[in-house]
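*Asks:* Dropping a structure here in structure tokens format, bear with me for questions.
The values are calculated or read from the model by the stated rules, or taken from the named source; none is laboratory data. Because the structure is a prediction, the values reported are computed rather than measured. Cβ atoms come from the backbone with ideal geometry, glycine included; neighbour counts cover every protein chain shown.
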Amino acid sequence: MIRELIVLDNPNPYARRIEYYDNDVLIGYLDYSHIYDRIEIDNFFVNEDKRGKGIGKKLLSYLVVIAINNHVVNMTLEVRISNEIARNLYKSFGFREVALRKFYYGDEDGILMEKQVM
């Protein structure tokens, strides 16, 4: 089951969360900021023992529907350069790599990815 939440205890007034549950156990989540006509993916996590089962695709698909329903122009995120699995997932949803952010994660570069929605 997927639940969408407004994150009340976050200092970011645009913060939202989508959670994925299996038998009332939180398996994964996707934190994002919905800022006017764009969405920034802030954090995306699926429990390690549940990866490869399509949960990440379900969470991302749900977010794309939210974006379309809210007339979002584009979505952005940063991902570690070494995280090929995540980069491939994002590419399968139409995200493209637009910039390299040197040492974005301290010890590792990040890649800025963007998806045009509208």
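*Asks:* When only residues in segment 77-118 that are of a type in the set (Ser, Thr, Tyr) and loosely packed, with under 15 Cβ neighbours inside 10 Å count, which is farthest from residue 46 (Cα to Cα)?
*Replies:* It comes out as 105.
*Asks:* Moving on. Mind telling me which of the residues 20, 14, 29, 90 ends up being hydroxyl-bearing (Ser, Thr, Tyr) and over 24 Å from residue 110 (Cβ atoms)?
*Replies:* Only one candidate qualifies: 20.
*Asks:* Okay, next question. Name every residue in segment 58-101 that is among the small types (Gly, Ala, Ser), assigned to a loop (DSSP other than H, G, I, E, B) and farther than 14 Å from residue 116 by Cα, in order of residue number.
*Replies:* 82 - this is the single residue of segment 58-101 that is among the small types (Gly, Ala, Ser), assigned to a loop (DSSP other than H, G, I, E, B) and farther than 14 Å from residue 116 by Cα.
*Asks:* May I ask you to verify whether residue 114 is in contact with an Asp or Glu (Cβ under 9 Å, 6 or more places away or on another chain), outside any helix (DSSP H, G or I) and either free of Cβ contacts under 8 Å to residues at least 24 places away in the same chain or aromatic (Phe, Trp, Tyr) (or both)?
*Replies:* Spelling it out, it is not the case that residue 114 is in contact with an Asp or Glu (Cβ under 9 Å, 6 or more places away or on another chain), outside any helix (DSSP H, G or I) and either free of Cβ contacts under 8 Å to residues at least 24 places away in the same chain or aromatic (Phe, Trp, Tyr) (or both).
Residue-wise test of (1) over 29 Å from residue 107 (Cβ atoms); (2) touching a Leu at 6+ places or on another chain (Cβ under 7 Å).
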{"site": "8", "(1), (2)": "yes, no"}
{"site": "49", "(1), (2)": "no, no"}
{"site": "58", "(1), (2)": "yes, no"}
{"site": "63", "(1), (2)": "no, yes"}
{"site": "68", "(1), (2)": "yes, no"}
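*Asks:* List, please: which pairs have Cβ atoms under 8 Å, are six or more places apart or on different chains, and start with a residue in segment 35-57 that is crowded, with 16+ Cβ neighbours inside 10 Å and end with one that is modelled with pLDDT under 95?
*Replies:* 42/15
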